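Each reported figure results from applying straightforward, stated rules to the coordinates on display, with no laboratory input. All values reported here derive from a predicted model rather than from experimental measurement. Note that each Cβ is placed from the backbone with ideal geometry, even for glycine, and that neighbours are counted across all protein chains shown.
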Amino acid sequence: MLDHAGGPSSEAAAPARDLPLDSHLHTDLSPDSLVPIDVYGAAALERSIPEIAITDHVDFAPGAPAFDFVPFADRERTVREAAERWAPRGVAIRFGVEITYDARHEATIREHLARHAYDYVIGSVHVYEASPYHASRVGAWVASRALGEIVAPYFDEVLRAIRSGLFDTIGHLDFVKRYLHPLVTAADLAAAPELYEPLLVALVETGVALEVNTSGLRQPAGETYPSAAIVERFKVLGGTAVSAGSDAHSAESFASGLEAGYRAAAAAGFETLAFRRGGDRVAVSLPDRFRRAGEPNEAVIPPL
Ligand SMILES: [Zn+2]
Ligand SMILES: [Zn+2]
């Protein structure tokens, strides 16, 4: 399970509170989470996070963990009923999904999304059995290759996911960082920002949102997927839409690191997060405490 990978425990990965939205959460409707949905409703209430998106896994490659795992109708009913229970208490629960993008199944994904209405759709590339990054072969994969070649299978698939136009946001842009550690470190990738450039340009050109996924803060990478520096580069290139999510698979990880995720978006110059509640995309304002230094803010003007 993602949350039990034993990553660094730091202040950055601490549970957050007083944030408007956590847009990436897994419940027991995902094959790798045991969290009943009401646990997140209660956590959101307790932490003053008034809106959450349930984004359980759906896979389209036969044999993948979330292939045919829970039927759409069951997922929709579970989340919508929970939304009805929690709305009166001030927590809005949205019915999202995290679809594993797989170019071989793009037509099937497109058909699924055309026929099923979600509030919010994350498209992500995951690492499963056949991947060169699988623990059984990542060593051999890395040994004989330059960094660009090492990440190419993952990044190329992410590029196809962006270009597909199927998704509101791209989840954990460089999740491959998790599987390459420690053979390739976060520092190695940070030293090669050019590898990210085609992905960022494609996001800018398509308007697809870049997710700041904070699960990396509680995994060996010790930083968000992607790093704050990449979020900043995205903004410089003309990026207009970022999202942020904890990608929690356990109750303890709810909103974990999300303060740092918001901070990365703010530091890059974003003032809102991109989200969708069905219908058109909406912009969720970052709380005032995320204003960048130097911006107008009465709180920092010294008294006369
Ligand atoms: Zn994912
Ligand atoms: Zn996820």
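Values for this structure:
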{"item": "Cβ-based exposure ranking for 141, 86, in which fewest neighbours within 10 Å come first", "result": "141, 86"}
{"item": "Highest-MSF residue in the chain out of 232, 84, 98 [GNM, Cα springs under 10 Å]", "result": "84"}
{"item": "Residue-span extension gain [residue 74 to residue 48] - 0.36 nm each, minus C-alpha spacing", "result": "6.6 nm"}
{"item": "Value of [θ]222 nm, deg cm²/dmol, for the chain, DSSP H segments ≥ 4, -39500 (n - 2.57) each, nearest 500", "result": "-9500 deg cm²/dmol"}
{"item": "Mean-position separation - Cα centroids, region 224-259 and region 103-147, in angstrom", "result": "19"}
{"item": "Global size of region 8-287 as Cα Rg and Dmax, reported in angstrom", "result": "17.5, 57"}
{"item": "Computed label-point distance, nm, for sites residue 34 and residue 137 using a 7 Å Cα→Cβ extension", "result": "3.2"}
{"item": "Nearest-20 debye value, region 8-287 charge dipole, Cβ charges on Lys, Arg, Asp, Glu", "result": "200"}
